[in-house]
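The values are calculated or read from the model by the stated rules, or taken from the named source; none is laboratory data. Please read these numbers as outputs of a predicted model, since none were measured by experiment. Reconstructed Cβ throughout: ideal geometry from the backbone, glycine too, with neighbour counts over all protein chains shown.
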Amino acid sequence: MSTANANHAQHSEDVRQPQLAHHFDTLEQQYSSAKLGMWAFLATEILMFGGLFCAYAVYRGTHPEVFLYAHHFLNTFWGAFNTVVLLASSLTMAWGVRAAQLGNKPLLVLMLLLTLVGGCSFMVVKYIEYSDKWEHVSHHGSGSFSLFAGSRNAFYTEEGEFTDPTAVGQAVRYGESKQHHDEHAIAHTNQAGDLHDAPAKTLEHQSKHATEQGHQIVDATAAKTLDFKSVQTRPMPTDRSDIRRPAPAPQGLSEAFEHIGGIPAPYETLADAGTGHSVVTWEDLDDRQQGLVSQFFQIYFMMTGLHGLHVLIGMGLITWIMIRALRGAFGPSYYTPVDLVGLYWHLVDLIWIFLFPLLYLIH
Amino acid sequence: MHAHEVWESQYMSATPQSIPTDIFGKPVNPQKGDSYLTHDRGILSWLLTLDHKRIGLMYMVVILASFLLGGIFAIVLRTMLAMPGANQANHASYTDEQLAQISVNNDFYNQAFTLHGAVMVFMFIIPAIPAILGNFVLPMMLGAKDVAFPKLNLLSYYCWVGGGLFFVWVLGKGILNTIFPGMVEFWGSGGLDTGWTFYTPYSTSTGTAATAAVAGVFILGFSSILTGVNFIATIHTLRPKDMGWFQMPLFVWGLYATAIMQVLATPVLAITLMLLLAERMLGIGIFDPALGGDPVLFQHFFWFYSHPAVYIMIVPAMGIISEIMSVFSRKRIFGYAFIACSSVCIAIIAFIVWGHHMFTSGQSDLLNAIFSFLTMSVAIPSAIKIFNWLATMYKGAIVLETPMLYAMGFIWLFTIGGLTGVYLAALSIDMHVHDTYFIVAHFHYVMVGSMMFGLLAGMSYWWPKMFGKMYHEGWSKVAAILIFAGFNLTFFIQFIAGSLGMPRRYATYPPEFAIYHHISTLGSYILATGLFIVLGVWIHSLVRGRPAPANPWGANSLEWHTKSPPLHANFEKTPLATDPYDFDDWRWDENVGGYVMNENTHHEEKTAQTK
């Protein structure tokens, strides 16, 4: 690489500024080029997160009550705290860019340091939240992250739609290979059923009823009352006429699109007009919805996990430009890297601004 | 002298001087004649180069190698389909051993068509034109010394090489394990049998190495994104001061539209593959119905990327054809602004037609109808291009050199491919022919035929510039004709087989389809023969070819305003913009064997006068 750079230098006809690459005429041209490239890159980032937001929208549209229920496990205080931290760090970042433009090296380094501190606090809070969530999630699943979704209903019709577990005739096994997986899952379901006794007390939404239901799962599994070819992981729908049951949610993507005109009915009924509260409890969810609670956390972990990765990358970049700033690399004529890292950091901030209400503030 | 006489005289007359010349036909001393090929020596000067031209050549080597690999498997598939043999008869009469062998054959077939499709799509068709020809000529067309971010360009190359080698290794292992079952202990299992589309839920449950393969494609995607970002910044900021948007060569417009699609579509593929990986490795249930997900969501995500990807393949090829049509008709391009805008128009429409891949996946009728309508609207910008090319040829002095043969072949193939695309956009027809050979034929005409003809046209057009050597015109015309004939023989018959109900992706078929498969296989052998002749012509040119003049075709875009092969810094001094479709300044010079610029109309002065 050094050879190549040396060769490039031979082509420069005049004395050029050291930061000016050989193929640009002026620093302004180089700057506008770099900035445009960065914006194009940020567009790719937005599109990438767009996929996750899309998945979120689809599943929130199909299972609104599940999201309403599950989001209570997220800690709004920490979420809000992190929002403030990130917003503040965006301010210090922007201030740092200004300092670089003015050639104020001490201020630049200070601001970068403060931004870095903001990033660190964000990640620490995220760590606290993650370890907390990990505990909660395992109560609702089969004991571990990789398997907490494993006990779900593994049936769907040939058209790819989910099937009502009662519609036995239409249900088909969707793959031989899944059978093995499900048998594992059953073992875990049984464990989870047993475990329900102890942790249920720690969860405010859990009641004795739910504990009984946990046993019902085990019983129903053992009884094999349904006429499926293979082992059944789901209980017979029990008679729960005393419980307010939401209307069935749209279940496939195509149906979700048809519902796009308005919020599906269950959402309205669950947001209880009488109390102004929208507390959905475990009993409000039917069996299938209970099974889908883990899906909320999967989406939560994917979205915040990818965002957290970006925060870490941003912190690395800030450290890099801080070191360069300490060496006096930036000044009024050349501050491109500071500006670009600033743009990146603002994007990371912006994504969090969307993640916070979507995940923590569901009503 | 008329242009075509000029062209005849080029080959009828005595051998032109074999001395490298500059654009005015003055000989340059070969000893002192520095070029990008000879500027630095040693393997590291290539592997660590930041020169866009060298990176383009390095891309050429690896991308053509993947083309060879994908092509070999195409021939393997066609050969298997010509002799489905035992698979074809009644299974009941077979022993267990024979049935086991059939099962192995079918596994092999599944992995082979996946390898063919995935390698061709991700490693050849999508990157080929932007990465090889775009890298090589884009900065020169803009009169620039390099792309905007040379280091990023090199990084993009190594993303490609890393991801590509990993991907081929994973897929190749599966193939080798099927042939040599003992080797699985040596290097572990591998392979992929999902087709290049990775449809869930099969891709989340298959026993083949989908996880590793998806990771490979993920890395390849980064290469595409980085190239796109680089090209956008280059085109925006590195144009000469007097080159406005509508003075750019049309290939640059094509690359620009392509880069926009690469930047906006590829990250969606990245997140889709990331979710697929999470599903396979962590049990995250986004797509798998068994885990509460929706497999159709995968199809939406996948085609949101992969439909624009289809246009990523074709739009830069259209740019090449626009250049060649004008130069080899010796006539200004007809409808410049329409061709330029239709490229961007295709790029925009590309993002809103993905649903036509899911007419049979349970979409609502309303969505199907909307996507059907939008898909048909792609025909408008495509037809604008076709008609403008035809109008360019009309009353032009058409010169049937190799690039022009390919370009005319392109129009033929793209018209068939595009019109059958309109058939398929119609819901009722698509329901009938969905997942049949009709689809296979359609997308081969558009993706392979058109894009491959665009690439071959571009390669033969810029070959003298890239290597400073001319190639054997006669053999290369023979190859062009063989490729055209072979391609049509292979794929046209598949339209008929498909409309009669031959399903795609099957290793065997009822006897009544045998004739179609036999003809198709014969065509594929002819096609392969033609391609090997091209390879021979190229190698012969590198070894024996006469030195190329600075401008063998009389084109006027800026890359022809420097000697062949170009200098390390492309130009001796930064050129001013020219009108790429005004050929008046160049005259044929027999001694040089190419076009030279008229001494009295120094183009910089002329440009200055017209300002």
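Data table
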{"read-out": "Members of the range B:41-55 found to be at the interface with chain A (Cβ under 7 Å from one of its Cβ atoms) and free of Cβ contacts under 8 Å to residues at least 12 places away in the same chain, listed by number", "value": "B:Ser45"}
{"read-out": "Test: residue in the range B:450-465 that is surrounded by fewer than 23 Cβ atoms within 10 Å (Cβ to Cβ) and over 25 Å from B:Asp107 (Cβ atoms)", "value": "no"}
{"read-out": "Residue within the range B:249-262 that is facing chain A (nearest Cβ under 10 Å), over 21 Å from A:Leu52 (Cα atoms) and among the polar types (S, T, N, Q) present", "value": "no"}
{"read-out": "Checklist (1) surrounded by fewer than 21 Cβ atoms within 10 Å (Cβ to Cβ); (2) of a type in the set (D, E, K, R); (3) more than 13 Å from every other protein chain (Cβ to nearest Cβ) applied to A:Glu65, failing item", "value": "(1)"}
{"read-out": "Considering residues of the range B:349-362 that are free of Cβ contacts under 8 Å to residues at least 60 places away in the same chain and not β-branched (Val, Ile, Thr) only, the residue nearest to B:Pro201 (Cα to Cα)", "value": "B:His357"}
{"read-out": "Residue in the range B:232-246 that is small (Gly, Ala, Ser), touching a Ser or Thr at 6+ places or on another chain (Cβ under 7 Å), within 11 Å of another protein chain (Cβ to nearest Cβ) and over 19 Å from B:Met313 (Cβ atoms) present", "value": "yes"}
{"read-out": "Subset of the range B:410-435 (residues that are of a type in the set (Ser, Thr, Tyr) and either within 25 Å of B:Leu390 (Cα to Cα) or crowded, with 21+ Cβ neighbours inside 10 Å (or both))", "value": "B:Thr415, B:Thr420, B:Tyr423"}
{"read-out": "Any hit, the range B:223-238, residues being of a type outside the set (S, T, N, Q), closer than 30 Å to B:Ser557 by Cα and in a loop (DSSP other than H, G, I, E, B)", "value": "yes"}
{"read-out": "Answer residue from the range A:21-45, given it is within 28 Å of A:Gln298 (Cβ to Cβ) and within 8 Å of another protein chain (Cβ to nearest Cβ) and is surrounded by the fewest Cβ atoms within 10 Å (Cβ to Cβ) among those", "value": "A:Glu45"}
{"read-out": "Test: B:Thr266 is assigned to a helix (DSSP H, G or I) and at the interface with chain A (Cβ under 9 Å from one of its Cβ atoms)", "value": "yes"}
{"read-out": "Residue within the range B:52-75 that is under 25 Å from B:Phe166 (Cα atoms) and modelled with pLDDT under 90 present", "value": "no"}
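Per-residue answers, yes or no, for (1) touching a residue at least 24 places away in the same chain (Cβ under 8 Å); (2) more than 7 Å from chain A (Cβ to nearest Cβ):
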{"position": "B:Ala270", "(1), (2)": "yes, no"}
{"position": "B:Met274", "(1), (2)": "yes, yes"}
{"position": "B:Leu282", "(1), (2)": "no, no"}
{"position": "B:Met313", "(1), (2)": "yes, yes"}
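Quick grid of which residues meet (1) within 14 Å of another protein chain (Cβ to nearest Cβ); (2) in contact with a Pro (Cβ under 8 Å, 6 or more places away or on another chain); (3) not hydroxyl-bearing (Ser, Thr, Tyr):
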| site | (1), (2), (3) |
| --- | --- |
| B:Thr114 | no, no, no |
| B:Val119 | no, no, yes |
| B:Phe122 | no, no, yes |
| B:Pro127 | no, no, yes |
| B:Ile132 | no, no, yes |
| B:Phe136 | no, no, yes |
| B:Met141 | no, yes, yes |
| B:Phe149 | yes, no, yes |
| B:Asn153 | yes, no, yes |
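Every residue, every condition in (1) farther than 30 Å from B:Gly418 by Cα; (2) more than 7 Å from chain A (Cβ to nearest Cβ); (3) acidic (Asp, Glu); (4) outside any loop (DSSP other than H, G, I, E, B), yes or no:
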| position | (1), (2), (3), (4) |
| --- | --- |
| B:Ala212 | yes, yes, no, yes |
| B:Phe218 | no, yes, no, yes |
| B:Ala278 | yes, no, no, yes |
| B:Gly293 | yes, yes, no, no |
| B:Tyr305 | no, yes, no, yes |
| B:Gly319 | no, yes, no, yes |
